[in-house]
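Since the structure comes first, as C-alpha cells, the remarks are kept for the end.
The values are calculated or read from the model by the stated rules, or taken from the named source; none is laboratory data. Just so we're clear, the structure is a prediction, and the values are computed from it rather than from any experiment. Virtual Cβ from ideal backbone geometry, glycine too; neighbours counted across all protein chains shown. Only protein heavy atoms, including side chains, enter the accessible area calculation; ligands, DNA and RNA are left aside. Shrake-Rupley method; radii C 1.70, N 1.55, O 1.52, S 1.80 Å.
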Amino acid sequence: MMLWNLIKEDRGGQILLLLLAIAIIAVPMLNALPPDHALHIPTYTVALLGKYLTLALLALSVDLVWGYLGILTLGHGAFFALGGYVMGMYLMRQIGERGVYGHPELPDFMVFLNWDSLPWYWTGLDQFWFAAILIILVPGLLAFIFGALAFRSRVSGVYLSIITQALTFALMLAFFRNEMGFGGNNGLTDFKDILGFSLQARETKVGLFVASAVALALGYLISRAVIQSRLGKVCVAVRDAESRARFLGYRVENVKLWVFTLSAMIAGVAGALYVPQVGIINPNEFSPLNSIEIVVWVAVGGRATLYGAVAGALFINYAKTWFTTELPDVWLFALGAIFVLVTLFLPKGIAGLFRRKEASA
Amino acid sequence: MSQARLLDEIKDKNHVFSFMHTQQAPTLNVSKNVLLYLEGLSVSFDGFKAINNLNLYINDGELRCIIGPNGAGKTTMMDIITGKTKPDTGSAWFGQTINLLEMDEPAIAQAGIGRKFQKPTVFEFLSVRDNLLLSMPEERKVFSILTARLTGEQSDRIDEVLEIIGLKEQTLLQAGSLSHGQKQWLEIGMLLMQRPRLLLVDEPVAGMTHQEMDRTAELLISLSGKHSVVVVEHDMDFVRHLAGKDRTVTVLHQGSVLAEGSMDQVQNNRKVIEVYLGE
Amino acid sequence: MKSRIKHLMCALGLLVLLLCAVQPAFAKSDDPVLLELQTLLVSSNNQDRTKAIELLTQSQHELAFDIYGLLLEGKFFFNRTDNQLYLVDRAEAGQSALHFLDERDVTIERPRDFRRVALNNAQRTQIRRVMAQTGLTADSNKIRMKAVRQMMGDPDPEALSLIRAAYTSETNGKVRELMAVAIAIDTVTQTDEAAQRDAIDTLSTSLEPRARNALNQFVSQTDNASLKELAEKGLIGIEQKIKFYKGLETVYFGLSLGSVLVLAAIGLAITFGVMGVINMAHGELIMIGAYTTFVIQQLMPNHIGLSVLVAIPAAFVVSGLVGIAIERGVIRFLYGRPLETLLATFGISLVLQQAVRTIFSPLNKTVETPSWMSGMLEFNPVFAITLNRLYIIIFCLLVFFALLMILKRTALGLQVRAVSQNRAMARAMGVRSERVDMMTFGLGSGVAGIAGVALSQITNVGPNLGQAYIIDSFMVVVFGGVGNIWGTLVAGMTLGVANKIMEPWAGAVLAKILVLVFIILFIQKKPRGLFPQRGRAAEG
C-alpha cells in the first residue's frame, strides 16, 4: 500500500515498474527456450540488456541530483567506477589459483609487478558481504567528503560541474598508475565466478540480469520515496531559488549533501552490477567523457522525471550498440547531434513529449 | 576541541557529537525592548563603501520605514542582517543575546528573521500550497524533513494564510504561473507562515495596483505589534500611508543614517531635501 | 573545411611570396661541404676518412668542431643500405638514429646495418692537433671555446702547452676564463702548493663538469689537509650553484608549461569569463588551429620555417569562423542557460572530433618544427634553455598583451565589457549586443586557434588534442577567477611552475593529480578564484 502511494500519480513510473516486472519473469523464460525457437532470446542479448539496466540505474542517480537539485554533476562516472572497482576486486579474489601465474592469493598483475603480498585495502574483499558493504560505502564516503567540502563553501553551478569533472579526471589519472594496486591501464579482468557461480554460465548471466532489473526497480522506488517526501519538495525549492530556501531556514548544504551521497551510493551499486556483466573494469570508466554522456542520457529522457532518465539511458545505449556495429564512424556524429538537438529543441526530453502539463514536480 | 574531550564524546553513545549539532541560537531576549541593534557597521566592495558606520535600532513590535536614494545601502543592510553579507566592522545583535554576525542565513532565519526580496522569489515549480508548506517553522534537519508529515493544525494554518493573501483559488497552481502581484502576495504569505519576530520587507509594492498597495499597507500595519517590521520602499505615497503621524522613518544616504523621525520631520529636514532634490 | 583553408591560402598567397623572398636558405642538406663529407665518411677507404678530416679543416665550417668531437667519441655511423650518415648513441634495435643531413629521426630496426665510422690512431691525433691549432686560433669566439672544451682534461702534454700559449694572447674574457680552467685542471695535479691553491680557486668558480671532476679527484687523492678543505669548500660552492641553476631550469620549464596552459585557457577566459558561456568545444577549436598548421605545412612543404608564421593568422581566422558558426548556430539560443550551453557545446566537440577523424584519419599528424625554433641558448655548462620553449613563452605573452589591448583599448573591447556587465543597459545605449556576442566568441575562438599553432609545435596533432587540454583550461580560468584575464595569466603560470616543481619527486602523473586536488580544495576556499569580481553585480 505504501509502495502504491509512491507511484500513484506517476504514470511513467507505473509503466516502468510494470515493464521491469514483466522482464524479470519473461526474459529468463524466453532465454530458456530452444535456440531455434522464434521467441528465443540469446544469452548474449540477456547480458546486454542487463548492462543497459545498470546504466539506466546510473542515469537515475544522476537525475536525482541534476533533475531535482540542479547539481549538474560531470563526475558521477567516478562513483559508478568505484562501485565497479570494489566488485572487480571481489571478483579478482575469487579467481584464486586459476590465474595465469597460479598464485593462490595475488592477482596476476600484482605477480607481474613482483609484489609479494596484497595491499591492505584488498583485505577482506574475498568475502562477498564485505564487498557489498564497500560497494555502497566507498562511493558514498567519497561523495560525502567531496560534497561536504563543496556544498559548505557554496560552490555551485558551473564551478561545481567543473570540479566534479576534475574529481573524476584526477581519479582516472590515479587509477592509471600501477602503484595504486588496481591493475593500472588494464584494470581488473579475467573474472571467473561470482558467489561460486561461473560468470560464463547461462544461468549466472540470467541471474545478473534479474538482479539488475530488481536493483533498478528498488533504486526507482527509493528515489521516488525521496522525491515524494517533503525533502523532495525542498530539493526542488533549492534547485529553483536557493537563497530563498536559505532565508526560510533550510540548510541547503545539508540537503544537497545527503541527496548527493544517496545518489553516489546508487551509482556505486549500478557499477557493481555492471562489472560482472561486461567482465572488465578499467580506468577509462572514470573518463570525464563517460560522465558527460550520462548527463545526456538524462537530458534526452527528460530531466526531473526519474523514468525519463531510465528511458533515455536505454534509448541512447541501444542506439550506441546499433551504430557501433552498423555505422561506427557515424556514432559520434549522431551522439553529438543528439546533444545539440535535445538542448535546443527538446529541453524536457522524450518524457516532455508525452507528459501532460502536470502541476506536481 | 581537545582530543581528550573528543574521545569522551565518541565514547558517549547516547549523545550526538557536538560538531554534528546544528548551530542553535540562544533564546531571544528583548528585555530592553529593542529587537535589533546595528552599531558601527561598515562594508565596502572594491573600495566602494556600501555601508558606512551605520547605526540603527529597531524596537520590539515597531513598524519602521526606511527610505533613501538608489545606492544608499538599503539592500546591503538587509544582506547583513540576514547573514548574506559579512560586514568589515561593526556589530549586529538580535535582542540582547543573539549575535547575528556569528550566524549564517538558515540559522538567522530559524532565530526569527524573515525576509522578502526586492524581486519576488517563490519556488516556481512548486504549487502555491507547497510554497507555504515549506515555509512552516519546523525542524530543519534533513532526516526530519524526509519523514515530515502534515498535521491538521498545520493544514488549517496554511488555509488561513491562503485566505489572508487571497490565493485560495490558486492553491494547486504552480507558483511560476502566478502574476507578478500574486507572487508578491505569495512571498508575503510565506513570511507569515514563517512567523518571524522581525520581518524585513524590500519594496513590497513594486508592480502592485493601488488597491493592492492599500491592502499591503493594512496587512503590514496589522502585523506590527506582534512582529517588528522593517519596510524599505521607494514609493513615497506608500511610505506616508504606512508611517502615518507617529511611526519613525529613517533616511539612508551613502551607507549611513541621514535623518530619523516622523514622516513630517523627515520631509522638512534640509539635508534630506538636498539629497533628494539636489542643490 | 579543407576548401575554406585553401580559400584562405589564396588570400594569404601574396604575403607568403613576399616573406619567402626574405627567408635565407639555411639547411644542412644544401651545404656542399657537408654533402662531400658524407660521401667521404661512408666510404670504406681509410684514405677517404683522412681526406674528410682535411676537408673539414680547410673549410673552417662552423660545425667543424662538433663534428670533430662526435668523430672522436665514435658517434658517427653509416647505414649500409642507403649509404647515409647517421648520428647514433647506441646501435641497438629500437634506439633512434639521427640522420646527419636531414636531422630526421629514424628508429634502428636492424643494428647490423649500421657501421661505426672508425678512426685509426693517426687520424685521432690528426683531429686533436687540428682542433688545437685551428681551434685555438680561429676567429670565432665560439669555436675557440669549443676547442678549449674539447681539449680540457686531455692528457696529451702538447695540448696543454698549446692552451698555455694561446692563453697569453687571448683577449676574449670568457675564452680566457675557460682556458684558465683547463690549465688549472692540470696545475692542481702538480706539486707546487701555491699554484695548486690558485688552481683550486679557479676551478671553484667554474661550472664545467671537468673542473668538478678534477676537484673531486683531487679531494680523494690529496694528503694536504688545508688544500683538501679548500677544494671541498669549492665543491660545495659549485654544488650550490648547480642547485640554483637547476632551480632556475625548473622555473623555466614551469613557465613554459604555464605558457601552454595560458595559451590554451586564454580564449576560454574570454568566452567563459567575459561572456559566461561554457564552451566545451574550446579544446576542439585549439585542435582546429593545430590542424590548420598541418594543412599549411602540407601546402608549402619547402618553407617550413615560414609556414608556422603563416599558420598563426590562418588558424585565427579558421578557428574564429568555426567559433562564430557555433555561436550563431547554437549558443545564441542558450544565453543565460550555462548548463545547457555546456551540454550542447560538448555535442559540438564530439562532432568536430569525428569530423577531423573522417577528413584527416584518426592517426596523429606530424607538424614539423622550423629550424629557427630548434636549438639551445647556453648560459653556462649546467644551464641552457631550449629555444622552442622560449618562443612559446614569448608568444604566450604577446598573445596575452595583444588581447589585453583589444579588451582595454578598442571599441570592440569596450562594447564587450559593457555587454558582459549589463546587457540590457548596453543595448539601450545602442550597442548591438548580438554582434558583440558574435565578435567576442569569434575572438575567443580565434585565440584558441592560435594556441593550436603553438601546441602543434610541442605535442601530437590528433583528434584528441583538444580533449587533453579542455579540463586544464577550465581549471586555469576558474583558478584565476572568472572574468579576469590577468587572473588567467597568473593562474596558468602558477600551475605550470607548481607542476614542474612537484614533478621530480612526485612523477608527472601524481603531480598532475596533486594540482587537480589542490584546485578542488582551492575552489572550496575561494569559490571565485584568485582574483574574484566583487560587489553586488557578482553575487548572483
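The table for this structure:
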read-out: First in segment B:130-141 and in contact (Cβ under 8 Å) with a residue 12 or more places away in the chain, second anywhere and assigned to a loop (DSSP other than H, G, I, E, B) and of a type in the set (Val, Ile, Thr), Cβ under 6 Å, 6 or more apart; value: B:Asn131/B:Val122
read-out: Some residue of segment B:198-215 being open to solvent by less than 40 Å² (accessible area, probe 1.4 Å), β-branched (Val, Ile, Thr) and under 15 Å from the mean Cα position of the chain (by Cα); value: yes
read-out: Residue in segment B:216-223 that is in contact with a strand residue (DSSP E or B) (Cβ under 8 Å, 6 or more places away or on another chain), open to solvent by less than 10 Å² (accessible area, probe 1.4 Å), away from chain A (no Cβ under 14 Å) and assigned to a helix (DSSP H, G or I) present; value: yes
read-out: From C:Phe65, C:Phe76, residue being hydrophobic (A, V, I, L, M, F, W, C), outside the structural domain of C:Val318 (by TED's automatic domain parsing) and at pLDDT below 80; value: C:Phe65
read-out: Matching residues, segment B:112-134, being at pLDDT below 90 and closer than 22 Å to A:Arg230 by Cβ; value: B:Thr121
read-out: Residue within segment A:290-306 that is open to solvent by 60 Å² or more (accessible area, probe 1.4 Å) and either among the aliphatic types (A, V, I, L, M) or within 21 Å of A:Tyr44 (Cα to Cα) (or both) present; value: no
read-out: Failed criterion for B:Leu56 (all others in (1) away from chain C (no Cβ under 14 Å); (2) open to solvent by 60 Å² or more (accessible area, probe 1.4 Å); (3) at pLDDT 90 or above hold); value: (2)
read-out: Filter pass, C:Arg128 being open to solvent by 20 Å² or more (accessible area, probe 1.4 Å), modelled with pLDDT under 80 and not in a loop (DSSP other than H, G, I, E, B); value: yes
read-out: Meets criteria (in contact with a strand residue (DSSP E or B) (Cβ under 8 Å, 6 or more places away or on another chain), within 24 Å of C:Ile470 (Cβ to Cβ) and buried (at least 21 other Cβ atoms within 10 Å of the Cβ)) for A:Ala81; value: yes
read-out: Some residue of segment C:378-396 being open to solvent by less than 40 Å² (accessible area, probe 1.4 Å), within 22 Å of C:Phe441 (Cβ to Cβ) and within 12 Å of another protein chain (Cβ to nearest Cβ); value: no
read-out: Selection status of A:Lys256, in a helix (DSSP H, G or I) and open to solvent by 20 Å² or more (accessible area, probe 1.4 Å); value: no
read-out: Which listed residue is facing another protein chain (nearest Cβ under 8 Å), in contact (Cβ under 8 Å) with a residue 24 or more places away in the chain, of a type outside the set (S, T, N, Q) and touching a helix residue (DSSP H, G or I) at 6+ places or on another chain (Cβ under 7 Å), from A:Ile266, A:Ile292, A:Ile350, A:Ile281; value: A:Ile292
read-out: Qualifying residue in segment C:42-52 (condition: of a type outside the set (Phe, Trp, Tyr), under 23 Å from C:Ile304 (Cβ atoms) and open to solvent by 60 Å² or more (accessible area, probe 1.4 Å)); value: no
read-out: So C:Lys146, is it part of a helix (DSSP H, G or I) and open to solvent by 80 Å² or more (accessible area, probe 1.4 Å); value: no
read-out: Filter result for A:Phe146 (open to solvent by 50 Å² or more (accessible area, probe 1.4 Å) and modelled with pLDDT of 90 or more); value: no
read-out: Pair list, Cβ < 6 Å and 6+ apart or interchain, from segment C:221-247 residues that are under 14 Å from C:Ala211 (Cα atoms) to residues that are among the hydroxyl-bearing types (Ser, Thr, Tyr) and at pLDDT below 90; value: C:Gly234/C:Ser204; C:Gly237/C:Ser204
read-out: Residue tally, condition at the interface with chain C (Cβ under 7 Å from one of its Cβ atoms) and open to solvent by less than 40 Å² (accessible area, probe 1.4 Å), over segment A:326-336; value: 3
read-out: Segment A:41-57: number of residues that are open to solvent by 10 Å² or more (accessible area, probe 1.4 Å) and β-branched (Val, Ile, Thr); value: 3
read-out: Residues being open to solvent by less than 20 Å² (accessible area, probe 1.4 Å), more than 7 Å from every other protein chain (Cβ to nearest Cβ) and not in a strand (DSSP E or B) - total across segment A:149-199; value: 11
read-out: Residue within segment C:276-285 that is surrounded by fewer than 23 Cβ atoms within 10 Å (Cβ to Cβ), touching a residue at least 24 places away in the same chain (Cβ under 8 Å) and either within 14 Å of chain A (Cβ to nearest Cβ) or within 27 Å of C:Ala491 (Cβ to Cβ) (or both) present; value: yes
read-out: Residue, nearest to C:Gly347 (Cα to Cα), within segment C:255-282, restricted to residues that are part of a helix (DSSP H, G or I) and not hydrophobic (A, V, I, L, M, F, W, C); value: C:His282
read-out: Residue within segment B:233-249 that is touching a Lys or Arg at 6+ places or on another chain (Cβ under 9 Å) and open to solvent by 30 Å² or more (accessible area, probe 1.4 Å) present; value: yes
read-out: Residue count, segment C:297-355 (criterion: out of contact with any Phe, Trp or Tyr (no Cβ under 9 Å at 6 or more places or on another chain), open to solvent by 40 Å² or more (accessible area, probe 1.4 Å) and away from chain A (no Cβ under 14 Å)); value: 10
read-out: Segment A:225-245, residues that are under 19 Å from B:Pro120 (Cβ atoms) and free of Cβ contacts under 8 Å to residues at least 60 places away in the same chain; value: A:Ala237, A:Ala241, A:Ser243, A:Arg244, A:Ala245
read-out: Of residues in segment A:209-229 being within 14 Å of chain B (Cβ to nearest Cβ) and open to solvent by less than 20 Å² (accessible area, probe 1.4 Å), the one farthest from A:Val278 (Cα to Cα); value: A:Ser229
read-out: Test: residue in segment A:310-325 that is on the phi > 0 side of the Ramachandran plot and either away from every other protein chain (no Cβ under 11 Å) or free of Cβ contacts under 8 Å to residues at least 12 places away in the same chain (or both); value: no
read-out: Members of segment A:1-17 found to be in contact (Cβ under 8 Å) with a residue 40 or more places away in the chain and open to solvent by less than 50 Å² (accessible area, probe 1.4 Å), listed by number; value: A:Leu6, A:Ile7, A:Asp10, A:Gly12, A:Gly13, A:Leu16, A:Leu17
read-out: For A:Ser61: the one exception among (1) open to solvent by 30 Å² or more (accessible area, probe 1.4 Å); (2) among the hydroxyl-bearing types (Ser, Thr, Tyr); (3) assigned to a helix (DSSP H, G or I); value: (1)
